[in-house]
1. What relative contact order, as a whole-number percentage, does the chain give when Cα pairs under 8 Å and 6 or more residues apart are counted?
2. Taking the alpha-carbon centroid of each part, what is the distance from region 204-272 to region 155-174 in angstrom?
3. Considering Cα pairs under 8 angstrom that are at least six residues apart, work out the relative contact order of region 170-283 and quote it in whole percent.
4. At 1.567 mPa s and 4 °C, plugging the Kirkwood radius over alpha-carbon pairs of region 43-153 into Stokes-Einstein gives what diffusion coefficient in µm²/s?
5. How much length would be gained if the chain were fully extended between V270 and A42, taking 0.36 nm per residue of separation minus their Cα-Cα distance, in nm to one decimal?
6. Once you order the gyration tensor axes a ≥ b ≥ c over the Cα atoms, which shape class does the chain get: rounded for a/c under 1.5, otherwise prolate or oblate by comparing a/b with b/c?
7. Residue separation times 0.36 nm, minus the C-alpha to C-alpha distance between I206 and Q62: what's the value?
8. Per DSSP helix of 4 or more residues, -39500 (n - 2.57); summed, then divided by the residues of the chain. What does that give at 222 nm, rounded to the nearest 500?
Amino acid sequence: MEPYIRNDNGKQPERYELHSWQLMMPDLSAGFSSRHGGVSKAPYDSLNLAFHVNDDPEAVLQNRRLLAESLGFEPESWTCGQQVHGNRVAVVSAEERGKGYLDMAGALQDCDGLVTNVPGILLTSFYADCVPLYFLDPVKRVVALAHAGWKGTVLRIAEAVIGTMKSEFGSAPDHIHTAIGPSIGECCYEVDDVVMSRVRETLGEIGASGLITDVAQTSQNEGKFMLNLKELNRIIMIKAGILPTHIECTSWCTSCHHDKFFSYRKEQGVTGRMASWIGMKER
């Protein structure tokens with residue numbers, strides 16, 4: 001069953017929400033934006049949420065306001081990092097609420113993972129094919145996001161987030177729920193042997209070399225492979241102690257469904273960015 005459920009009342013930005021998580025924790029909001037329901041003009045039409053793609057900054061700000069308010073958060077709660085395709089994880093305090101909301105320079109620097117236990121902070125990150133990863137510990141009331149392109153995936157950013165939740169907040173891995181959001185699928189994601197060599201190394205490092213055929217198949221093009229980044233992240237999560245029954249995974253491919261989502265590959269690099277988000281509302 002698809003875990004990301006479309007929520008659009010015709011007036012608010014179109015989005016896909018983690019319905020089961022929000023039932024589990026009614027003060028939680030978690031999900032993924034579509035490309036529809038904003039004010040940006042082509043080729044960023046219309047719900048582009050990132051500054052770095054040369055869209056009009058005022059349009060980006062208006063889109064962020066629209067999405068935050070539709071979720072029941074103040075726009076100033078929007079908090080994000082400067083994504084660098086690494087595995088650094090930042091713990092977001094109350095004092096850092098709103099970092100990166102107004103411009104890129106104000107974002108938390110050099111991090112692709114964000115963790116907080118502070119209500120009223122809306123953690124966000126940006127995508128146009130990379131894999132959004134979500135983390136929730138309902139026992140310790142800790143939430144997290146990670147941005148996982150192929151580089152962040154092989155650097156095991158999912159494991160880094162889980163480790164941070166353990167060390168900083170005392171989260172037990174078997175209490176943590178995770179989710180994998182809309183991203184480019186193995187149907188569309190062709191890579192070369194440089195990437196595949198890193199994938200093999202990562203599987204070896206976590207004791208999962210035998211699962212290589214679960215994450216990659218030979219392409220019709222010589223020397224190329226079709227890579228399943230969602231499954232690779234799922235395997236990394238399980239090896240880090242997450243129960244398989246606690247992992248939700250979408251069926252959406254951003255490249256196949258570029259009518260709904262921005263896709264860097266499908267649109268040859270000139271496009272907008274969706275946002276993943278997670279946050280606990282103030283009681």
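Read the figures in this text as sums done on the coordinates, not as results from a lab. Note that this is a predicted model, so its numbers are computed, not measured. Because the Cβ atoms are built from the backbone with ideal geometry, glycine has one as well, and the counts that use them run over all protein chains shown.
1. It comes to 23 percent, rounded to a whole number.
2. 21 Å
3. Working: 128 pairs, mean separation 39.1, N = 114.
Reported relative contact order: 34 percent.
4. Result for D is 91 µm²/s.
5. Numbers: separation 228, 0.36 × 228 = 82.08 nm, distance 0.98 nm.
That works out to 81.1 nm of additional length.
6. Cα axes put the chain in the oblate bin.
7. 47.6 nm
8. -6500 deg cm²/dmol
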